[in-house]
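Notes follow the structure.
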Amino acid sequence: MSTIAEFRLPAAETTLGTALEYAPEATFELESSVSKTRPSLWVSGVDRETATEAFEADPSVEGYELLVETQSRLLFDVSFVDDAPRLRDDLLADGGSLLEMWGTDGWWQVRVRFRNRTALCDAYDRLEANGLSADLRRVTDVSGVTESETRLTPEQQEALEAALEHGYFEIPRGISMEELADELGISHQALSERFRRAYETLVDDELQPASEQPPLK
């Protein structure tokens, strides 16, 4: 049974603390599928000049490159100096998978999948030992279900299980959607539709009233 944990951490103690302080109205969101060698970040809520000034002001940033500019968001590849804080290293040392990470108004919000609660507790202890004030906001145990208990179709469940096995949901991704579709012997469009319908089902299930989670030991 895997465990999904949501953390809140002060940016001043972690990555890009100065940038988030310089542009408190901005949101920095980690993007996993663009670069496997250095982090890619979506920046929203500010214009390009403010975003680049925020990177320039942050001593942990070694360099950055604007990749995409839309009406509402900017995508940057970012490299950091060697001694910059490595939040992901502390969280993922025992094989955790980073699901989401976004920062705004001086705080980072992080969602991580761990193998079990023991791995979660170990990660939390590492953060504390390194002087990071981790606020554990939510813990969800993800238990397996039998075929009769799930509303996913066999095809949707197969796609999700293959995605987990090949690291599609990890950051950085271990496989692209095109490569995963080839593994399953279906088209990219068919896989995308399976994911869309599976996500809709899972979100609908998640929003139903849930029983109280067991306490974190």
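Residue 95 passes every criterion in (1) in a loop (DSSP other than H, G, I, E, B); (2) within 16 Å of residue 14 (Cα to Cα) apart from (2). Scanning region 113-137 for residues that are closer than 17 Å to residue 13 by Cβ and part of a strand (DSSP E or B) returns 135, 136, 137.
Can you tell me which residue among 56, 69, 65 is in contact with a strand residue (DSSP E or B) (Cβ under 6 Å, 6 or more places away or on another chain) and surrounded by fewer than 18 Cβ atoms within 10 Å (Cβ to Cβ)?
65
Looking only at residues of region 103-123 that are aromatic (Phe, Trp, Tyr) and at pLDDT 90 or above, we find that the one that is nearest to the chain's Cα centre (by Cα) is 108. When region 73-91 is filtered for residues that are open to solvent by 80 Å² or more (accessible area, probe 1.4 Å) and in contact with a strand residue (DSSP E or B) (Cβ under 6 Å, 6 or more places away or on another chain), only 73 remains. Based on what the data block shows, is residue 100 part of a strand (DSSP E or B), assigned by the TED database to the domain that holds residue 41 and open to solvent by 80 Å² or more (accessible area, probe 1.4 Å)? The answer is no for residue 100. Within region 33-49, being at pLDDT 75 or above, open to solvent by 60 Å² or more (accessible area, probe 1.4 Å) and in contact with a Leu (Cβ under 7 Å, 6 or more places away or on another chain) holds for one residue alone: 48.
In the set (1) in a helix (DSSP H, G or I); (2) modelled with pLDDT of 90 or more; (3) surrounded by 15 or more Cβ atoms within 10 Å (Cβ to Cβ), the condition left unmet by residue 160 is number (2). Summed over region 185-217, residues that are part of a helix (DSSP H, G or I), surrounded by 12 or more Cβ atoms within 10 Å (Cβ to Cβ), hydrophobic (A, V, I, L, M, F, W, C) and at pLDDT below 85 total 1.
The values are calculated or read from the model by the stated rules, or taken from the named source; none is laboratory data. Please read these numbers as outputs of a predicted model, since none were measured by experiment. As a convention, Cβ positions derive from the backbone with ideal geometry for all residues, glycine included, and neighbour counts pool all protein chains shown. What goes into the accessible areas is simple: the full protein's heavy atoms, side chains included, and nothing from ligands, DNA or RNA. Shrake-Rupley method; radii C 1.70, N 1.55, O 1.52, S 1.80 Å.
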